Amino acid sequence: MNRCQSWGRYPKAVQEIRPVRWRDTTVPNSGDKSILPYGLGRSYGDSCLNDGQALLETSGMNRFIAFDETSGILRCEAGMSLDDILKLIVPKGWFLPTTPGTKFITVGGAIANDIHGKNHHISGTFGCHVRAFELLRSDGNRTLCTPESNTDLFKATIGGLGLTGLITWAEFGLKKVGNAWIDLESIKFTGIGEFLELSKESDEGWEYTVSWIDCVAQGKSMGRGIFMRGNHSPASVLSRKVHADPKITALFDCPDMMLNSLSIKVFNTVYYGKQRTKYVRSRVHYDPFFYPLDAVNEWNRVYGKRGFFQYQFVIPFNGGKETMEAILRIIAASKQGSFLSVIKTFGKKVSPGMLSFPKPGITLALDFPNRGESTLKLFDELDTVVAAAGGSVYPAKDARMSADFFQKAYPQWRDFSEFIDPKFSSSFWRRVTTGS
Amino acid sequence: MNTILIVGATSAIAEEIAKLYAGQGQRLVLWGRNLNHLHSIQNNLEVLGAAEVFCFEIDLDVCGKHADLLEETVAKVGAIDIALIAHGVLPDQQTAQENFAAMRASLHTNFLSYASILTVLANYFEPRKRGTIASITSVAADRGRKSNYVYGAAKAGASAFTDGLRGRLSASGVHVVNIKPGMVDTPMTAHFKKGLLFASPKTVASGIVKAIRKNKSTAYVPGYWRLIMCIIRSIPEAIFKKTNF
């Protein structure tokens, strides 16, 4: 059955699907097939796939267990979505400790990928806010993991790509907010140097920072973009309005031709040009600020049947400007550039996760329509530059990095593999550890 | 505030309905076979805002216990305003054709236990002269089909029973709603290939809560199934018998 795909819809995988609805479950017997938890399928590449094997579909195990409205501590089952959590907590004056660019992910997925967001420079990753979770192993053992007990398994499971067992429930701390709004400043910048200055200047006073960058522009315009920084609006704003469900759905796969180098270039130029002045101040609801793409259900279909890739990497600050410029040159020259390229700096806060992706430096995330060989070749070229700079690529978004590159960028993978449940595996893990 | 009894509360559709009522701050009474699962649902409903939640463990196949449990429930939680019947099984048609015990078990759950619990509830509501009974049957009740007539026959029985009961209770002012969901993406249909017509339990649940609020007699959920079943019922049998529905 082909119901469970990854968000990039590449690679295609076929697997047995076993829904898990109850947290007192035992891990379903899958015979000689390996298993992998699957939440809402927002991982882009193959880290949420288990081709030819089995998936435990967890989105039906989505109940709240307890919510302390005074301390902002929430305990829920691992299949609970951030979407449902926001609907509960925003009206009560709380917000997620950190959130990625979509709210349609599960808590289990947030832990397994140790997700990060626009406040990484202040709040670190999701794993930094996890107080406890229960891990169910295929032998039936249930382990309560916290920063103080079963610490090794706690650290391995955060960012552990679902391989250490099934998280049944988790408890984490929320952030107190007065309302549902964000005070936003958008500032145009003309190059990586200016971007880095803006980041540095905003790191302390601004809770959320992120930039859109034009990765098609060449020459003098190279590295231009829009820097966005936001803070929760002051307490004088009272509205705690919750977001609405998406009203638009992409009903069909767009023709592969639709996203070509011309349409991408036009989009990027218009996006940069639509902000006329250098500074714009506004007050926006959290939904369009954090989740602009959630407005369209199944937006990934815009990339056509062949799907698309995300490429997200991080490189250290030292030499980062030159490396980033070299990368932008390669992308612009390839004429495969992407629509929404996002650049941000990561802060120093260390996650407990063993295999976590974020580390201090600059991160860039790009999408590329799948054009087959030429796209894969471009990524190999980018890998070389990223590797030389001492950087790494984000497993949650990857569908193609080589075993060699992964193992060099994540040398701790061998120590990590001690904690993998013997019945658990994924397409990603087989690819980057055995190269198959 | 209403007190709502949900029979078969661990079914995916029932759970979504309970969540909607919890969000409205209602009192909920859950009947189901697995107390652990009921407690998981209870925690969730309490966080979502239910005024109070009560759980009762029951194997609904044991019809002789229905009346006793209702008595026990009312003694503990007070009067019931709305009762929703949501339990059921989807038998494998092929197995049912080959194995009478399997066929009887599914007919028992999907029809006899419905008839029993509907009667017990009717006898409770009739003298009180108020209340609502909502019975989840199925679009499969509307016409016997080759691919699932064992399920369809039991649901047709439950559907006719529900409609008849509405007539009996109309004089006492008790509403009886016959709810006919189409195909729903639940654990019961996990092994089916999902097409465009499959609705999420969430969508179906909100249709059901609306039908109960509006005192509908028969509600197809989602609503487009009324049209689809109207067409399916009107196909001449000479043609219909050759289809693979």
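Read-outs throughout are calculated quantities, based only on the coordinates presented, and are distinct from any laboratory measurement. Bear in mind the structure is a predicted one, so any value in this text is a computation, not a measurement. So basically every Cβ, Gly included, is an ideal-geometry build from the backbone, and we count neighbours across all protein chains shown.
In this simple spin-label approximation, A:ILE248 and A:ARG3 carry label points 7 Å from Cα along the Cα→Cβ vector, and these lie 2.8 nm apart. Go ahead and set up a Gaussian network model of chain B, Cα springs under 10 Å, then flag whichever of B:LYS146, B:LYS180, B:LYS202 fluctuates most. Highest fluctuation of the listed residues: B:LYS146.
Size of the protein assembly as shown from its Cα atoms: along the principal axes, largest to smallest, the extents are 82, 59, 50 Å. When the Gaussian network model of chain A links Cα atoms closer than 10 Å, the mean-square fluctuations of A:PHE252, A:PHE406, A:PHE195 top out at A:PHE252.
The relative contact order of the range A:147-265 comes to 29 percent, based on Cα pairs under 8 Å that sit 6 or more residues apart.
Taking amide H positions as modeled 1.01 Å from N, with prolines and chain starts lacking one, the residues under 5 Å from A:GLU57 and 5 or more places away or on another chain are A:ARG18, A:VAL20, A:TYR38.
Label-to-label distance, A:ASP32 versus A:SER71, with points set 7 angstrom from Cα along the beta-carbon direction: 4.9 nm. Rg and Dmax over the alpha-carbon atoms of the range A:115-191 stand at 17.0, 56 Å. The range A:63-137 and the range B:60-83 have Cα centres spaced 38 Å apart. When only alpha carbons of the range B:96-245 are considered, Rg and Dmax amount to 16.2, 49 Å. Largest GNM mean-square fluctuation across B:THR137, B:THR218, B:THR203, computed for chain B with C-alpha springs under 10 Å, falls on B:THR203. The angle between the Cα long axis of helix B:113-128 and the longest principal axis of the Cα atoms of chain B comes to about 40 degrees, rounded to the nearest 10. Note on B:6-12: average number of Cβ atoms from other chains within 10 Å of each residue's Cβ is 1.
Taking a point 7 Å from the Cα of B:ALA67 along the Cα-to-Cβ direction, the residues of the range B:104-142 with backbone N closer than 18 Å to it are B:112-128.
Look at where the Cα atoms of the range B:220-242 and of the range A:3-41 average out, and the two centres are 35 Å apart. The stretch between A:LYS335 and A:VAL270, if pulled fully straight at 0.36 nm per residue, gains 21.7 nm over its current Cα-Cα span.
Among the listed pairs A:LYS349/A:LYS408; A:LYS12/A:LYS305; A:LYS278/A:LYS321, which have their C-alpha atoms separated by more than 18 angstrom in this model? From the list (A:LYS349/A:LYS408; A:LYS12/A:LYS305; A:LYS278/A:LYS321), the Cα-Cα distance tops 18 Å for A:LYS349/A:LYS408; A:LYS278/A:LYS321.
Each Lys and Arg Cβ is given +1 and each Asp and Glu Cβ -1; about its Cα centre, the protein assembly as shown then shows a dipole of about 2040 debye. Report summary: the helix-based calculation at 222 nm, which adds -39500 (n - 2.57) for every DSSP H run with n ≥ 4 and divides by the residues of the protein assembly as shown, gives -9500 deg cm²/dmol. Mean projection of the Cα convex hull over all viewing directions, computed for the range B:1-54: 2.9 nm².
Distance between the pseudo-spin-label points of A:GLU197 and B:ASN123 (7 Å out from Cα toward the beta carbon): 8.5 nm. In straight-distance terms, cross-link reach from A:LYS241 covers every one of the lysines whose alpha-carbon lies under 27 Å from its own, apart from those fewer than eight places away in the same chain; here that gives A:LYS87, A:LYS92, A:LYS103, A:LYS118, A:LYS175, A:LYS176, B:LYS19, B:LYS202, B:LYS210.
Using R0 = 22 Å, the C-beta based FRET efficiency linking B:ARG33 and B:SER206 works out to 0.30. Descending by average beta-carbon neighbour count within 10 Å, the peptides A:172-178, A:130-136, A:7-13, B:92-98 line up as A:130-136, A:7-13, A:172-178, B:92-98, the highest first.
Packing here is the average count of other Cβ atoms within 10 Å per residue, and on that basis the peptides B:55-68, A:63-76, highest first, run A:63-76, B:55-68.
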